[in-house]
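The next block holds one structure in the form of structure tokens; read it before the comments.
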Amino acid sequence: MSRSKPDGSAWLLAGGIASLLIAALHVVIIAAGPRGYRYFGAANLVPLAERGSPIPALLTAGVAVIFGIWGAYGLSGAGVIRPLPLIRTALILIGVLFALRGLILVQDLFRIAGGSLHPVRAAVFSAASLLIGLLYLLGVKARWPHLAPRRP
């Protein structure tokens, strides 16, 4: 029995689902209000949220939409939904942005090891970003031939 070579779709599917979960988390943060902003590191939005300003919710909703779009691109790259425009470019950009955000993990670990009161959850968020970025980038590398633009 021969095994077929993995085509990377599982990596892009996992990255896409992770992005959609992050989008949903941002909706939960809006619902949680000031406590949600504080816990997830957006302390600068807490005073506005406490005053009832719509700005934190609008900004957070915008971020949720971006992660939702990124999730759709992950699903598209995995072949779950129809091909989206500029799929190769978008998936590489998404992977690079997640990975760059994830590299903050190094700074987080130094802060934690140095005894600062830096929250461990910040390192967890950074590690998750790095992992998601790698899922996208490895998926793109493996699925490159399948991500070719369609000819009319």
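What follows draws every value from the coordinates through simple rules; no lab data is involved. Here the structure is a predicted model, which is why all the values come from computation and not from measurement. A quick note on method: Cβ atoms are made from the backbone with ideal geometry, for glycine too, and the neighbour counts reach across all protein chains shown.
Take every pair of alpha-carbon atoms less than 8 Å apart whose residues are at least six positions apart; their mean separation over the length of the chain yields a relative contact order of 31 percent. Distance from the alpha carbon centroid of region 21-71 to that of region 90-140 works out to 19 angstrom.
From helices alone, the chain scores -23500 deg cm²/dmol at 222 nm; the rule is -39500 (n - 2.57) for each run of n ≥ 4 DSSP H residues, then divide by the residue total. Placing R0 at 25 angstrom, the Cβ-Cβ distance between residue 127 and residue 80 gives a FRET efficiency of 0.45 after rounding to 0.05.
In the calculated pair distance distribution of the chain, what percentage of Cα-Cα distances lie above 22 Å? For the chain, the share of Cα pairs beyond 22 Å comes to 49 percent. Working ranking of peptides 11-19, 63-71, 141-149, 34-42 by packing, defined as the average number of other Cβ atoms within 10 Å per residue, highest first, is 11-19, 63-71, 34-42, 141-149. Ordered by the count of other Cβ atoms within 10 Å of each Cβ, fewest first, 108, 7 give 7, 108.
Sorting 87-96, 20-29 by their mean Cβ neighbour count within 10 Å, with the most densely packed peptide first, gives 87-96, 20-29. Positive contributions from Lys and Arg (+1) and negative ones from Asp and Glu (-1), summed over other residues with Cβ under 11 Å from the Cβ of residue 79, come out at +1.
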